[in-house]
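Derivation of every value follows stated rules applied to the coordinates shown; laboratory data play no part. These numbers come from a predicted model, not from an experiment. Backbone-built Cβ (ideal geometry, glycine too); neighbour counts: all protein chains shown.
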Amino acid sequence: MKIEILYPEIANLFGDLANIKYIKSSIPDCKVIGTDLSTKPRFLTEKDVDLVYMGTMTENSQIVAMEHLEPYKDEIKTAIETGQRFLMTGNAFEIFCKDITDLDDLPVDRFPERVDVENKVTRCLGIFDINVKRAVMHRLNSLYMGKFGDLDVVGFKSVFTYAEPRAIIPPMFETVKGPGLDKTSMGEGIRYKNFMATYLTGPLLVLNPKLMIRLLIDCGETHIEPPHYAAAMAAYEQRLEEFRRDKLNYIF
């Protein structure tokens, strides 16, 4: 298996890269490539990249990533349409949305061609018709429980933003408890073809060993041996039991 991590030098808040470390430790022959800000994404030229991953980053880092991906926007669209697998966690997927509107003071102070400071709007890559609203003075910290097919998924959210799709895009998870993609959605994240994205951090795959295995099977892997699997599953089952409690406060 071959995994490409986009911009690990800036996209690793909340320890998100542990998701890929967990995969690598579960598959003996897994190859991981870190693509830095000076390099064209490998999946655009190398057809054997099984999964493209990017994690959470700061608001200024989002702008930097957009600027570096802008020249490849059409190629990325083609890759998505032809089935390239992506996993985005935290706010990484906002880069691929239409725009980000700031409801509080704009947190970025450069890139005038991309940021309309007067109207507090940041132009994103525009691959998905999704508007993002951001309120940097009103962070939402919450627990989350949902379903990925028949799998129970648990996780955490720590966001300034919520996303409003203007077109029908299936969610990555069906929400059971906790806030979804926006203030009214019953789903969390998006899943378009093989492009999967979620606001959940954690790291997500470490918290959900069954989810990691399911995603790897979908990538064609058959020999998967997660380290300390019994302990990981015990922690997952305990967390799931706690999240199911009726009196548990999901937003804090």
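Report relative contact order for the chain in percent, whole number only (criteria: Cα-Cα under 8 Å, sequence separation at least 6).
Values: 498 pairs, mean separation 49.2, N = 252.
Contact order relative to length: 20 percent.
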Classify the stretch 111-252 as rounded, prolate or oblate from the Cα gyration tensor: take a ≥ b ≥ c as the square roots of its eigenvalues, call it rounded if a/c is under 1.5, otherwise prolate when a/b beats b/c and oblate if not. prolate
For the stretch 1-58, run through the trypsin sites (Lys or Arg not before Pro) and keep only the ones in DSSP coil with at most 15 other Cβ atoms within 10 Å of their Cβ. LYS47
Tell me the label-point distance for the pair GLU67, ASP104, using the 7 Å Cα-to-Cβ offset, in nm and rounded to one decimal. 2.4
Give the calculated FRET efficiency between LYS193 and LEU151 to the nearest 0.05, with a Förster radius of 22 Å applied to their Cβ-Cβ distance. 0.65
Between PHE111 and LEU248, what is the label-point separation in nm under the 7 Å Cα-to-beta-carbon projection? 3.6
When we measure straight from the Cα of LYS47, which lysines land under 30 angstrom away, once same-chain ones fewer than 8 places off are left out? LYS2, LYS21, LYS24, LYS31, LYS73, LYS77, LYS98, LYS193, LYS210
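Let a ≥ b ≥ c be the square roots of the eigenvalues of the Cα gyration tensor of the stretch 110-162; is it rounded (a/c under 1.5), or, if not, prolate (a/b larger than b/c) or oblate?
oblate
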When the label point is put 7 Å from the Cα of GLU174 along its Cα-to-beta-carbon vector, which residues of the stretch 234-250 have a backbone N closer than 12 Å? none
Cα gyration tensor of the chain, axes a ≥ b ≥ c as square roots of the eigenvalues: rounded (a/c below 1.5), prolate (a/b > b/c) or oblate? oblate
C-alpha center-to-center spacing [the stretch 218-246, the stretch 173-216] in angstrom: 15
Roughly how compact is the stretch 164-219, stated as its Cα Rg over 2.2 N^0.38 Å to two decimals? 1.17
Inter-label distance for SER38 and LEU140, nm, one decimal - labels placed 7 Å from Cα along Cα-to-Cβ: 4.0
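Find out how many positive minus negative residues lie around ALA234, taking Lys and Arg as positive, Asp and Glu as negative, among other residues whose Cβ is under 14 Å from that of ALA234. Can you show the working numbers first?
Numbers: positive: LYS210, ARG239; negative: GLU237, GLU241, GLU242.
Computed value for this residue: -1.
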